[in-house]
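Worksheet: one structure, shown below.
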Amino acid sequence: MLIVGGVVVVVLAVVVAVAFAVASTTGTDRHETASPSTPSVPSDPTARAEASRRAEAERIRLTDKSSYKAVTSREWQLVAKNPDAHIGELYAIYGRVAQADTATGSYQMRVYTDGQQVETYDFDINTIVRAGEASFSDVVEDDLVALWVKVTGSETYETTMGGEVTAPAVEANIIEVYGSSG
């Protein structure tokens, strides 16, 4: 037991010595060895203003319904079949909320979607919907919703039965509840 205690003391002494040696290096030496590709915030006020202007213009575009393409049921099925080929595209779609609970959180839900407003249980494309500019605070399971979305690709998730499902993933920038199937 004394040998183990002695080894621990020696290891701690070495760690403290190394830490002291590292801390005593000059600030200049540490900065000179920093990677030149380290990202930094632009210090130029004009560049910051331009970045802010672009971000605001994008937010305005994403919250303008006229920026989104209306699609037929078949067109939405084609997008859902290969969502990775449609990343960044904007669509107006409809759906029935299948899951909006503590498991999905307040910024994500699962919605059965279609390109058109169809009968309550004819929404058949399982879609992962994340909050972009939209808020899900007033959306619950079985709500019928109109969504203005940006396609973000496909996502695979594990089901409660232990299987895996791959579904199209979108970001909702506008959401309107127009009814309930419950």
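Scan around N126 for amide H atoms under 5 Å from its own, H built in the peptide plane at 1.01 Å from N, and keep only partners 5 or more places away or cross-chain.
Placed amide hydrogens put T113 under 5 Å from N126.
Report, by chain and number, residues whose modeled amide H sits under 5 Å from the one on E89, excluding near sequence neighbours (fewer than 5 apart, same chain).
Here V151 satisfy the definition.
So if each residue of separation counts as 0.36 nm, and I subtract the Cα-Cα distance between L78 and V118, what length gain in nm does that give?
12.7 nm
Enumerate the calculated ³J(HN,Hα) couplings along the stretch 108-120 in order (Karplus 6.51 cos²θ - 1.76 cosθ + 1.60, θ = phi - 60°), each rounded to whole Hz, writing x wherever the residue is Gly or Pro.
Running phi through 6.51 cos²θ - 1.76 cosθ + 1.60 with θ = phi - 60° gives 8, 8, 10, 10, 7, 10, 7, x, 10, 7, 10, 4, 2 Hz.
Under a crude label model (7 Å from the Cα following the beta-carbon direction), how far is V140 from A49 in nanometres?
Placing both labels 7 Å along Cα→Cβ, they lie 4.9 nm apart.
When we measure straight from the Cα of K69, which aspartates and glutamates land under 19 angstrom away, once same-chain ones fewer than 8 places off are left out?
Here the aspartates and glutamates satisfying the reach criterion relative to K69 are E58, D84, E89, D114, E133, E171, E176.
Taking the Cβ of F123 as the center, what net charge do the other residues with Cβ under 9 Å away carry, scoring Lys and Arg +1 and Asp and Glu -1?
In short, -3.
We did not get these values from a lab; they are worked out from the coordinates using the rules stated. All figures in this text were calculated on a predicted structure; none of them were measured in a lab. We place every Cβ from the backbone using ideal geometry, glycine too, and count neighbours over all the protein chains shown.
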